There are 2 protein chains.
Amino acid sequence: MKIALAQLNYTIGDFAGNSAKIINAIEQARTNGASLIVFSELAVCGYPPDDLLDYPHFIKHCEDALIEIAKATIGITAIVGCPVINSHPKGRRLYNAACVLSNGVHIDSIYKTLLPTYDVFSEARYFQSNENFRTVAINGVNTAITICEDLWDEMDFFSYTQDPLKNLSVFKPELIINISASPFNADKEKTRYEILRNQAINFKMPLLYVNQVGAHTDLIFDGNSLFINADGSIAKQLKSFDEELTYVDLNSVQMKSNFEEKERIEQLHKALVFGIKDYFSKMGFTKAILGSSGGIDSAVVQALMSEAIGGENVTAILMPSQFSSDGSITDALALSKNLNNPSHIIPIKSIFDSFDAALKPIFNNLPFNVAEENIQARSRAVLLMAYSNKLGAILVNTSNKSEMSVGYTTLYGDMCGSISVIGDVYKTDVFALAKRINANRELIPIDIIEKAPSAELRPDQKDSDNLPPYDILDGILKSYIEEQLSVSDIVALGYEKETVERSIKMVNNNEYKRFQAPPILRVSSKAYGRGRVIPLVAKFKN
Amino acid sequence: MKIALAQLNYTIGDFAGNSAKIINAIEQARTNGASLIVFSELAVCGYPPDDLLDYPHFIKHCEDALIEIAKATIGITAIVGCPVINSHPKGRRLYNAACVLSNGVHIDSIYKTLLPTYDVFSEARYFQSNENFRTVAINGVNTAITICEDLWDEMDFFSYTQDPLKNLSVFKPELIINISASPFNADKEKTRYEILRNQAINFKMPLLYVNQVGAHTDLIFDGNSLFINADGSIAKQLKSFDEELTYVDLNSVQMKSNFEEKERIEQLHKALVFGIKDYFSKMGFTKAILGSSGGIDSAVVQALMSEAIGGENVTAILMPSQFSSDGSITDALALSKNLNNPSHIIPIKSIFDSFDAALKPIFNNLPFNVAEENIQARSRAVLLMAYSNKLGAILVNTSNKSEMSVGYTTLYGDMCGSISVIGDVYKTDVFALAKRINANRELIPIDIIEKAPSAELRPDQKDSDNLPPYDILDGILKSYIEEQLSVSDIVALGYEKETVERSIKMVNNNEYKRFQAPPILRVSSKAYGRGRVIPLVAKFKN
């Protein structure tokens, strides 16, 4: 049996577009002699549809699309992910299903058993869990069809009470198919392969895994679909961050290669560029702007943006204040030149002075403090948003994860933006990204990378005045955010107690800022945003 | 058996404070001769703890607190809500438990079966569901202990596959206890009573229901704990929006009264004031500021704030532009005077002009449009936040649900604030609240209520230039947001198709603004915020 793996990029709720893509792939696969084509999880509506699943007419659209797609399956079988209604009067209203379409008809549906409900996932919010296990004969091949998490019965932090493959194995299947929507994170690629490999080895069967590719606001799906041999070796690996329609023939001798782990910063770089590109393309945006401070964060974002949507489409706005160093302006201008970005300089001194004058009757002679620092950051945001409103370019946010963590950012100031590009990238990784961006040519002026980080909101300010060195801070943050360690756990790793306590206190005290942050491209196992819900009014502090 | 119902206000993660409250209530109950005291769901840590449950040391604090509380139960039994660890190697790591503490020892735990995972609830994210049903003998009374949702097996939109009370009824209990954390919404009070009443009647048993009281950022818990007789009549109803420790004696003849539904706007009013008060008190805030425009939204918020934290603690900032009418300033000043609010006038013309001048080289002679409108709204936000940063008063947001829905608000402008007071209140209800606030005395100048709503961001602007009349708009919005109806469903209710399509399009196109909105006090069945997750990048438009 020749099988097509369709790793496609869907848009959530774009039923016409998604169906056209799916039908086109079915036609290509048939032309190429495939008798089965496999699409990813919830392909018909795109994953994750979130609360659109609560709208009955959204489900009606799914049903209608599925009928249209089925009509295209003359002479071929397709496995397509789609929500389907639970006809039983009890239980959640929907199943997350793998629909088997063949010769024009929707002949079968297999339901997802393990419904991930942690981090960015909330499938128990919508779906009923499958409890009836059976295999499906597809062109005479007894097949165990599973959906994404169904193969992830052993999590790091808990074991599911069900093991779908074990339940299916009693029916003696010959092939495992897994349709998936498994988001990227820079530390996950190997884990994912190992889980799939172990299932293939344990159950002594080849495993065909089709993952979604595409970014949906914060969530980036990398593709990397696989066909794994029964001995765990890789017969086929599809592209990262791109669509691909490819084929395997179950009757042929398969290739056998080992998994090759890609370099982490390279993956991070590709994921971010892809995340930006897909966000802009799906939103129909072509032009971006950002505040270009001459610092490393905005420089890295500017370079990533330029790579994603073209340098000529990224406008850099330099907004020096009386505290900006000449170096910052020179560096930022050189950066824009290197990246081919249009740029404008808008000094903010007169704006700052007008706020200062307006507030003087109230503030009297109270000393300069964070209020005046924030007026600068917020005046810049007003200028950037005015530019965006007037000229249609989309403001992107340039905050990094370290400063978002400790609140070293101004709410409604530098925290503004339609999407946050590096809000899930710690400062130490921002430096690594800068080096990678400069690998072939000095796109980011070396001064920007080498000078001491500073917000330049008061005279001679340096990040190190208030924060621990970034290598130490990032280590503490990662232990706290990603690994949920306590102060004493983190101190046991070798960090100074006072530094740990101070850092974690800053994280806890700044939940309120992150609550109003833009969506953040997720590239770690625990990003700020939908995957991390911390009460704002809470006294728990370590 | 004399039973104490402890309806208390907990702070999430405040183990010392919550334990002290619980132990104090136990001591009072013992002094008053009670042999059982019942606390609400997750009382030890406060509800909802959200992802703090992912932190192992948070759970350790829960365990330690429970041991301390148990020590206080000499001569009395207490039922206390607390997360407990699932000792089985399979399944989620925690149970949502009702812990039975007696004579110094934690003697038993009953686990929650139905884990609400919809709207603002996400319990399947943390907890394993109970599958073993049994009753507990408490001082010789065979008791069916249940936790909140366990009695809500029939939802409007689905039925759970389990019916805990039915499973428990085979053990012939004599009493149902339900410990709860059931949030307020203005349309729910009667539904909640009816569900509880029906369970009492169906199973022919008295039902003792203890709900949490207190606000946790967006979520407001109203208390209203109940003791319901086996015939469904009410033997005892505890206060709304306040703590209460009260008693029932199972051996005495019970009162029998009917449920009296409270007036909706009255409830809304009380809930909002309580929500503000508890937010400020738990955050340790005492002073607030807001932008006072002379419009009805800021006027109603100003009045609610003054009621909640005292007029002298609410500073009104008037920030007229060249488009502000004289009436607006006069009205706003009169309002502040009525409410005893300190006020300041900061004209924004010179600030606006400085932005205008700074942008002129880029904008050239492009006509005045939304960019300049937003500069005004955002300049006001910069001023308000500067005041907040300098003088420590907390900015509260004054957007209403109608304008939040259609995006008739400026992101980083009037959408700023630490908490949104009326972001879940449609404009028509804002008018009703204004009338209620003025019931005894004209606190809100009548002009503010009667003049045509306007953002005053350009000459002669009126809300009605861009929006349908609010009674029509709100009807459409409620059908779409709260009831998930489609365009054709809503048209079938009698609304004009073009108006419905235009309104819903505005809602869909403005998800991105709401994504960055402050937390919103939730008073409806579907508020913006955690209970409504809509993809930002999506093509589904009706």
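The values are calculated or read from the model by the stated rules, or taken from the named source; none is laboratory data. Remember, it's a predicted structure, so these values are computed and weren't measured experimentally. Here the Cβ is made from the backbone with ideal geometry for all residues, glycine too, and neighbour counts use every protein chain on show.
Scan region B:475-513 for residues that are surrounded by 20 or more Cβ atoms within 10 Å (Cβ to Cβ), within 21 Å of residue A:60 (Cα to Cα) and small (Gly, Ala, Ser) and jot them down.
B:479
Can you name every residue in region A:479-504 that is in contact with a Phe, Trp or Tyr (Cβ under 6 Å, 6 or more places away or on another chain) and not in a helix (DSSP H, G or I)?
A:484 - this is the single residue of region A:479-504 that is in contact with a Phe, Trp or Tyr (Cβ under 6 Å, 6 or more places away or on another chain) and not in a helix (DSSP H, G or I).
Which of the following residues is over 27 Å from residue A:124 (Cα atoms) and surrounded by 14 or more Cβ atoms within 10 Å (Cβ to Cβ): B:139, B:185?
After applying the criteria, what remains is B:139.
Using the structure shown, decide if residue B:396 is more than 10 Å from every other protein chain (Cβ to nearest Cβ), over 25 Å from residue A:354 (Cβ atoms), touching a strand residue (DSSP E or B) at 6+ places or on another chain (Cβ under 7 Å) and crowded, with 20+ Cβ neighbours inside 10 Å.
yes
Would it be correct to say that residue B:401 is surrounded by 24 or more Cβ atoms within 10 Å (Cβ to Cβ), more than 13 Å from every other protein chain (Cβ to nearest Cβ), over 30 Å from residue A:316 (Cα atoms) and of a type in the set (Lys, Arg)?
Judged against the criteria, residue B:401 is a match.
I need the full set of residues from region B:360-376 which are closer than 15 Å to residue A:354 by Cα and within 8 Å of chain A (Cβ to nearest Cβ), in order please.
Residue satisfying the conditions is B:375 alone.
Of all residues in region B:231-256, how many are modelled with pLDDT of 95 or more and at negative phi?
Total satisfying the criteria: 17.
Give the number of residues within region B:5-51 that are within 14 Å of chain A (Cβ to nearest Cβ), hydroxyl-bearing (Ser, Thr, Tyr) and without any contact (Cβ under 8 Å) to a residue 60 or more places away in the chain.
Total meeting the criteria: 1.
Only one of (1) of a type in the set (D, E, K, R); (2) out of contact with any strand residue (DSSP E or B) (no Cβ under 9 Å at 6 or more places or on another chain); (3) not in a helix (DSSP H, G or I) fails for residue A:68. Which number is that?
(3)
Residue B:285: within 30 Å of residue B:347 (Cα to Cα) and not small (Gly, Ala, Ser), yes or no?
For residue B:285, the condition - within 30 Å of residue B:347 (Cα to Cα) and not small (Gly, Ala, Ser) - is met.
Could you list, in sequence order, all residues of region B:60-95 that are within 14 Å of chain A (Cβ to nearest Cβ) and either of a type in the set (Gly, Ala, Ser) or under 25 Å from the mean Cα position of the chain (by Cα) (or both)?
Scanning region B:60-95 gives B:62, B:65, B:83, B:87, B:91, B:95.
Between residues in region B:142-171 that are over 11 Å from residue B:114 (Cβ atoms) and residues that are of a type in the set (Asp, Glu) and part of a loop (DSSP other than H, G, I, E, B), which pairs lie under 7 Å by C-beta distance while being six or more apart or on different chains?
Qualifying pairs under 7 Å: B:142/B:174.
Where residues in region B:96-112 are β-branched (Val, Ile, Thr) and surrounded by fewer than 24 Cβ atoms within 10 Å (Cβ to Cβ), which of them is nearest to the chain's Cα centre (by Cα)?
It comes out as B:100.
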